[in-house]
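The values are calculated or read from the model by the stated rules, or taken from the named source; none is laboratory data. Only a predicted model underlies this, so the values are computations on that prediction, with no experimental measurement involved. Neighbour counts are summed over all protein chains in view; Cβ atoms, including those assigned to glycine, are modelled from backbone coordinates with ideal geometry.
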Amino acid sequence: MTETRDREALGEVPNPLGLAGIEFIEYATSRPQALGQVLEMMGFRPIARHRSREVLLYRQGAMNVVINAHVSARPSSVQPTETPVIAAVALRVRDAAAAYRRALDRGAWAVPSHVEVMELNIPAIHGVGSSRIYFVDRFDSFSIWDVDFVPIPGVDQRPAAEVGLHWFGIVQYIGTDRMDDWAEFYRELFGFDELPDDQRFGIMPKGRILRSPCRSFYLQLIEPEPGIVEVDGDETLQRMGLGCPDVAAAVAALRLRGVEFVESRALHTEDRGALTRNWLGGVMFELVHDQA
């Protein structure tokens, strides 16, 4: 059997797409500098610019965050507005083309690609709301950033992570009575499984937690709950979760950088986790105790 056939024979296995974690999370906003300042407070550093679009790459440790301020002519694209929104998540996979085909076979909706000169064709499907889910298989010795982005001169391309911060997961707000639909979506297309109710993380143990088949990140699905969880507007990817080995140390270090945390009777910083304040009308970060 050839290597190509080996890579494409994903089949009915616990990790059908060969998921290997998150490559990047992308925000769309018309205020890239303001969002960039927030990311820098959280320890991210701008390291590269897109060759042809108003897009910046921020990094710390193994985490990549993209700020996209490019106004697209495609009507289906997430257009940048003053309030930043998570527009896309890129998942590392063993074989992007094979993962994309399998997702389509299982009912995913394709996102038409419009690749310009000197750009990679990164396959994508529709996610929650107007967001996209990309499949990336170039993340080791040769990555997608080597083609589409130009390094900012004099900037460290591998800035260390602040106090051990790393990807932990993503929180998705969903509509009322949509929990089973979304759980099935992630289970059928990607191989996520549901954690028991007694396994909870952080300080906001609401909704349902799904574990990735690669065991490197989680999805938390949260329904509206009047007076407790208010969901404005459409379903959306609401915030990213960052793991850290010591929540108290992380909170202290980030406070020195200007980060403010939510402290109230119902929600406050503790050893399990912490939640930052809301910036720019829609940007929050959740810290979760995690040794990984």
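Under the condition of being under 25 Å from Gly164 (Cα atoms) and outside any strand (DSSP E or B), which residue from the range 48-64 is farthest from the chain's Cα centre (by Cα)?
Gly61
Here is a list: Glu270, Glu225, Glu260. Which entry is of a type outside the set (Ser, Thr, Tyr), within 21 Å of Val38 (Cβ to Cβ) and outside the structural domain of Glu40 (by TED's automatic domain parsing)?
Exactly one of Glu270, Glu225, Glu260 is of a type outside the set (Ser, Thr, Tyr), within 21 Å of Val38 (Cβ to Cβ) and outside the structural domain of Glu40 (by TED's automatic domain parsing), namely Glu260.
Being of a type outside the set (Asp, Glu), modelled with pLDDT under 95 and either closer than 21 Å to Ile22 by Cα or more than 15 Å from the chain's Cα centre (by Cα) (or both) is true for just one of Pro213, Pro226. Which residue is that? First the steps, then the outcome.
Numbers: Pro213 fails: modelled with pLDDT under 95.
The match here is Pro226.
Given the residues Gly169, Gly154, which is the only one that is at pLDDT 95 or above and either assigned to a strand (DSSP E or B) or of a type in the set (Lys, Arg) (or both)?
Gly169
For the range 266-292, which positions are under 18 Å from Trp167 (Cα atoms) and part of a strand (DSSP E or B)?
Gly273, Ala274, Leu275, Thr276, Val283, Phe285, Glu286, Leu287, Val288, His289
Can you find a residue in the range 256-265 that is in a strand (DSSP E or B), modelled with pLDDT under 95 and within 25 Å of Ser131 (Cβ to Cβ)?
No: zero hits.
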